[in-house]
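One structure below.
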Amino acid sequence: MNCTHDHDTLVLLYYGELTGPEQAEVRNMIATCASCQAAWQSLEADMNVIDGLVEPVRVDEMDVQRARASVRAEVLADAATTGRARPLHVVRWAASVAAAFLVFAAGWYLGAVDNENKWVDAVLFDANSQQVRIDYVGESESESSLSGSIHDAPMQRELGVILASDIDPVSRMRAARALASARIAPNVNVTNVLSDVLATDGNPVVRLQAVRALHGLFDQRPLPESVRAVLVERVEVDPNTAVRMKAMEILVASEQVSMDMQQTMQRVGSDERENPYIRFMAKRSLERLSGE
Amino acid sequence: MVPVDEHLITRAQSGDADAFDALLSRSDARVVQIVQGITGNMPDALDVFQNAALKAWRSLSGFRADSSFDTWLTRIAINEALSHRKKASRLRAVPLDDVCGPVLEEATASPDAGLLREDEERGLAAAMANLSSRERTVFTLKHVHDYKIREIAAMLDCAEGTVKNYLFRAVHKLRKHLTS
């Protein structure tokens with residue numbers, strides 16, 4: 001019994017996952033090797049038993065119909081509020097008009113801010129009520145403020161503008177921290193701003209808050225490819241240990257496997273100069289990815 | 001992809017709820033079965049299916065035809081079910097009996113045979129419960145639903161080699177349990 005053949009291949013044979021030539025090779029192996037023959041017979045016998053015990057779960061058609069009806073009701077409500085249920089050319093036309101308006105409005109809005117020469121004095125966020133207050137100071141020291149829920153799109157946009165363009169790192173950090181502490185659902189605009197800030201902001205504290213906010217947004221949710229790519233890049237190149245650590249934590253928790261992530265984990269896990277905790281996380285992730 | 005699917009997807013992408021419903025109706029029962037294998041009970045599986053279907057509807061504009069609608073929907077549902085299970089496991093342990101659901105005895109079987117089968121089923125349910133979420137998902141997709149490994153890889157967004165590893169480990173653990 002000095003068989004050195006790979007018996008895992010027998011599982012692939014059983015499930016019909018081998019190509020013609022591979023199948024012929026394995027069948028030949030079974031025919032000529034006593035150990036392989038015994039392993040194949042044992043596998044077939046076990047799988048027959050398992051086959052008899054594992055059955056597809058019975059699904060009540062009425063339950064499924066009810067579930068689908070409920071989805072349909074929400075889909076129709078969605079379509080009514082977003083206008084999706086209109087013919088495609090109308091939607092495209094409306095989208096073009098809306099985009100043009102948004103470009104105009106954004107230009108007007110940013111221009112208005114410049115003209116008034118206001119800048120952010122403070123960003124305050126109450127995690128309990130999820131309310132934000134942004135205090136502005138004008139050139140003449142006149143003060144104004146904007147208050148609202150962090151769940152409102154205009155407030156999220158305002159925080160995004162601060163994050164992306166405010167000259168004061170403390171304001172940017174506070175805007176990111178508000179988003180990190182909020183219980184908001186992921187949306188494209190906030191995600192894009194946070195990803196950009198994480199990838200490009202020169203201040204490590206702002207980047208740390210941005211990566212924390214991304215963690216909050218995608219906790220228990222699949223990471224979009226764009227976010228995953230930024231996190232992988234941060235793990236490799238971010239000069240701040242806390243940022244690399246947080247980015248690593250999100251990637252490991254996501255359990256999303258990809259070639260570039262495996263390569264990054266291998267590099268980071270074997271880098272002696274890297275922080276021991278980050279190396280440990282990289283190794284643990286590799287073990288998970290390889291199913292150990 | 002068959003042209004009918006393509007036509008339905010285009011209509012659904014332009015906001016046609018009927019077309020989306022038609023697409024869902026082709027996969028719904030099977031997706032619920034797969035999800036039930038992960039969540040461990042039917043009410044949660046139906047909830048997860050609804051959430052996954054809504055997610056699919058809301059991100060339909062981003063759907064590219066590099067996989068079938070069925071594979072894409074199943075992937076969303078599996079991700080949803082895995083995160084649901086993670087959340088649920090923080091709150092409570094899943095009773096082993098619930099993992100595969102009760103299976104009715106055949107009317108013709110003798111009482112002893114019924115008990116024996118029930119015993120074996122409980123044993124296998126326990127072995128299934130000892131698999132990791134990914135191992136159980138891969139095994140169910142392969143063994144019960146007969147998906148190809150490349151399709152499972154697309155659903156789980158991972159390499160085919162990784163799927164094979166999970167499958168080998170699941171089969172090994174279940175067989176070990178049978179012989180113990």
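The values are calculated or read from the model by the stated rules, or taken from the named source; none is laboratory data. It should be emphasised that the depicted structure is a prediction, and the values quoted were computed from it without experimental measurement. With ideal geometry, Cβ positions are generated from the backbone for all residues, glycine too; neighbour counts draw on all protein chains shown. Please note that ligands, DNA and RNA were not included when accessible areas were found on the heavy atoms of the full protein model with its side chains. Shrake-Rupley method; radii C 1.70, N 1.55, O 1.52, S 1.80 Å.
Among the residues of segment A:220-237, those identified as touching a residue at least 12 places away in the same chain (Cβ under 8 Å) and of a type outside the set (A, V, I, L, M, F, W, C) are A:R221, A:P222, A:P224, A:S226, A:R228, A:E233, A:R234, A:E236. Picking from residues in segment B:57-110 that are among the polar types (S, T, N, Q) and surrounded by 15 or more Cβ atoms within 10 Å (Cβ to Cβ), the one that is modelled with the highest pLDDT is B:T74. Reported count of residues in segment B:121-180, each being assigned to a helix (DSSP H, G or I), farther than 16 Å from B:Q33 by Cα and of a type in the set (K, R), is 7. Considering the conditions (1) within 14 Å of chain B (Cβ to nearest Cβ); (2) crowded, with 16+ Cβ neighbours inside 10 Å; (3) not aromatic (F, W, Y), A:R172 is excluded by exactly one of them, (1).
Considering segment B:163-180 alone, what residues qualify as being at the interface with another protein chain (Cβ under 8 Å from one of its Cβ atoms) and open to solvent by 10 Å² or more (accessible area, probe 1.4 Å)? Hits for segment B:163-180 are B:K164, B:N165, B:Y166, B:F168, B:R169, B:R175, B:L178, B:T179. Evaluating A:A185 against the criteria (1) under 24 Å from B:H84 (Cα atoms); (2) out of contact with any Lys or Arg (no Cβ under 8 Å at 6 or more places or on another chain); (3) away from every other protein chain (no Cβ under 14 Å); (4) among the small types (G, A, S) leaves one unmet condition, (3).
Whether any residue in segment B:116-126 is touching a His at 6+ places or on another chain (Cβ under 8 Å), modelled with pLDDT under 80 and within 11 Å of chain A (Cβ to nearest Cβ) is what I want to check. For segment B:116-126, residues touching a His at 6+ places or on another chain (Cβ under 8 Å), modelled with pLDDT under 80 and within 11 Å of chain A (Cβ to nearest Cβ): present.
Pairing each residue of segment B:44-56 that is among the charged types (D, E, K, R) with any residue that is surrounded by 18 or more Cβ atoms within 10 Å (Cβ to Cβ) and assigned to a helix (DSSP H, G or I), provided the two are 6+ apart or on different chains, yields C-beta distances under 6 Å for B:K55/B:I76. Can you pull out the residues in segment A:1-59 that are hydroxyl-bearing (S, T, Y), open to solvent by 50 Å² or more (accessible area, probe 1.4 Å) and touching a residue at least 12 places away in the same chain (Cβ under 8 Å)? Residue satisfying the conditions is A:Y14 alone. Scanning segment B:7-44 for residues that are among the aliphatic types (A, V, I, L, M) and either under 18 Å from B:R64 (Cβ atoms) or within 8 Å of chain A (Cβ to nearest Cβ) (or both) yields B:L8, B:I9, B:A12, B:A17, B:A19, B:L23, B:L24, B:A29, B:V32, B:M42.
Of all residues in segment B:134-162, those that are hydroxyl-bearing (S, T, Y) and at the interface with another protein chain (Cβ under 9 Å from one of its Cβ atoms) total 2.
Applying the condition of being modelled with pLDDT of 85 or more and not basic (K, R) to segment B:28-40 and asking which residue is nearest to the chain's Cα centre (by Cα) yields B:I34.
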